[in-house]
1. Does region 86-129 hold any residues that are assigned to a helix (DSSP H, G or I), polar (S, T, N, Q) and closer than 26 Å to Ala370 by Cα, and which are they?
2. Which of the residues that make up region 365-412 are open to solvent by 30 Å² or more (accessible area, probe 1.4 Å), within 22 Å of Ala213 (Cβ to Cβ), aliphatic (A, V, I, L, M) and not in a helix (DSSP H, G or I)?
3. Please tell me if Met56 is of a type outside the set (Asp, Glu), in a helix (DSSP H, G or I) and either within 15 Å of the ligand (Cβ to nearest atom) or in contact with a helix residue (DSSP H, G or I) (Cβ under 9 Å, 6 or more places away or on another chain) (or both).
4. Considering region 157-189 alone, what residues qualify as being outside any helix (DSSP H, G or I) and within 16 Å of the ligand (Cβ to nearest atom)?
5. Going through Asn103, Asn140 one at a time, which residue ends up being over 15 Å from Ser295 (Cα atoms) and either within 16 Å of the ligand (Cβ to nearest atom) or open to solvent by 10 Å² or more (accessible area, probe 1.4 Å) (or both)?
6. Can you pull out every residue in region 18-65 that is in contact with a His (Cβ under 7 Å, 6 or more places away or on another chain) and open to solvent by 60 Å² or more (accessible area, probe 1.4 Å)?
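The values are calculated or read from the model by the stated rules, or taken from the named source; none is laboratory data. Note that this is a predicted model, so its numbers are computed, not measured. Heads up, the Cβs are rebuilt from the backbone with ideal geometry, glycines too, and the neighbour counts pull from every protein chain shown. The protein model used for the area step is the full one, side chains on, heavy atoms only, and it has no ligands, DNA or RNA in it. Shrake-Rupley method; radii C 1.70, N 1.55, O 1.52, S 1.80 Å.
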Amino acid sequence: MLRKFLLTTAALVGITAMAHADEVEVLHWWTSGGEAAALDVLKKDLESKGVVWKDMPVAGGGGEAAMTALRARVTAGNPPTAVQGLGFDITDWAKQGALGDLNEVAAAEGWDKVVPTALQNFSKYDGKWIAAPVNVHSTNWVWINKAALDAAGGKAPETWEEMVAVLDKMKANGITALAHGGQAWQEATMFDAVVLSMGPDFYKAAMIDLDPAALSGDKMVEVFNRMAKLRSYVDDNFSGRDWNLASAMVIEGKGGMQMMGDWAKGEFLKAGKKPGVDFVCIRFPGTQGAVTFNSDQFMMFKVGADQQKAQLLMASAIENPSFQSAFNVVKGSVPARTDVPNDAFDDCGKKGMADLAEANTKGTLMGSMAHGHAAPAAVKNAVYDVVTRHFNGEMDSAAAAAALAEAVAAAKG
Ligand code: GAL
């Protein structure tokens, strides 16, 4: 009897050990309702392939807290299998030699031919695939409550002046015209769109080329004036609010609109809301035809031979076209490959895919500064700092433009 028990236990332990051989530990910041629903699509997909999912969530939109947690793990010599990463952060880890090599699976599956070059610039380093891109988000969106828009005249704004007029009407109607969460990365997300509204050439000069004249000049002063104007439409309790709570205000009609990347759509969908019926998605007025993008990628860290099989399985699962469709429909983003049909996507998703293709052709596809695709972290943080201080009334627009040029120059080193 005892022997039988011991044998059974040993068998069970054996099974557990086997299961854990195909385990991935995944560090990410997808903790809001919409984000978690999308993550679940990935988790279930991997589980169906026999891969055990070990979750390591680190809350905090934009991923700053997650990146701090990651540094601690790498310093301790124990990196997770896969880590959500953005743009230049991926390149930084690659430069440090911390990332693995996905070339075997990438070559077998032909990733080079289907992943857009703008993404490959971050997914590859030194000829090696080091990360698996899961989506393309963009930051120059506005999410509007449909009933609140109807009460404000019903026409979605196409210019800055029209948007100010709609915001004024919403304010007069007694709601919080602009639902916003006062966190530096959220202000920076809005800033992406406002800079882009001065023209894609200006965005490129200021945010990508980091040209001191563009950073400090009259157009940048106007950008800060617009940021100050937007500040006048937020409620008294905006400070520190999480982005998904700002989305909830628009979902419930307490807020008129939110200026946020298309992960916000994930919240609307999770709440059962329909585009065109309950909410309206538009490009930030003045940015039509251009896109500030960011792509979530799973950086694959150098792990022991025992974990490599599961890591490659995960990378392959992520690039699967039907997974790309299923995941991005829920997440609010669009696929990271060019050959995924748009059938399953709602109107905002279809627009997102068309806008991305158009911007790519016209040369108006720009990396998001707020989400790590325009410049490395030091510069991004310098921008965050000036933008948030100005938004909180610590300096006027002329002083902010001067401070921005100075901070960026110092961060560039
Ligand atoms: C972005 C990320 C999105 C979304 C957002 C808010 O940086 O790319 O996937 O999660 O942060 O958390």
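1. Step one: of region 86-129, the residues assigned to a helix (DSSP H, G or I) are 87-95, 103-109, 111-114, 117-123.
Still in the running and polar (S, T, N, Q): 91, 103, 117, 120-121, 123.
The answer is Thr91, Thr117, Gln120, Asn121, Ser123.
2. Once the filter is applied, which keeps residues that are open to solvent by 30 Å² or more (accessible area, probe 1.4 Å), within 22 Å of Ala213 (Cβ to Cβ), aliphatic (A, V, I, L, M) and not in a helix (DSSP H, G or I), region 365-412 yields only Met395.
3. Details: of a type outside the set (Asp, Glu): yes; in a helix (DSSP H, G or I): no; either within 15 Å of the ligand (Cβ to nearest atom) or in contact with a helix residue (DSSP H, G or I) (Cβ under 9 Å, 6 or more places away or on another chain) (or both): yes.
Spelling it out, it is not the case that Met56 is of a type outside the set (Asp, Glu), in a helix (DSSP H, G or I) and either within 15 Å of the ligand (Cβ to nearest atom) or in contact with a helix residue (DSSP H, G or I) (Cβ under 9 Å, 6 or more places away or on another chain) (or both).
4. Just the residues of region 157-189 that are outside any helix (DSSP H, G or I), to begin with: 157-159, 173-183.
Within region 157-189, Ala179, His180, Gly181, Gly182, Gln183 qualify.
5. Working: Asn140 fails: over 15 Å from Ser295 (Cα atoms).
That would be Asn103, the only listed residue that is over 15 Å from Ser295 (Cα atoms) and either within 16 Å of the ligand (Cβ to nearest atom) or open to solvent by 10 Å² or more (accessible area, probe 1.4 Å) (or both).
6. Passing the criteria: only Pro57.
Here's the yes/no breakdown for (1) in contact with a Lys or Arg (Cβ under 8 Å, 6 or more places away or on another chain); (2) away from the ligand (no atom under 14 Å from the Cβ):
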site	(1), (2)
Met260	no, no
Gly272	no, yes
Asp278	yes, yes
Phe284	no, yes
Phe293	no, no
Asp306	no, yes
Leu312	no, yes
Gln324	yes, yes
Phe327	no, no
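Listed here are the residues, each with its yes/no results for (1) more than 19 Å from the chain's Cα centre (by Cα); (2) more than 21 Å from Leu86 (Cβ to Cβ).
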residue	(1), (2)
Pro285	yes, yes
Ala290	no, no
Lys302	yes, no
Asn320	yes, yes
Ser325	no, yes
Asn328	no, no
Thr338	no, no
Asn342	yes, yes
Lys351	no, yes
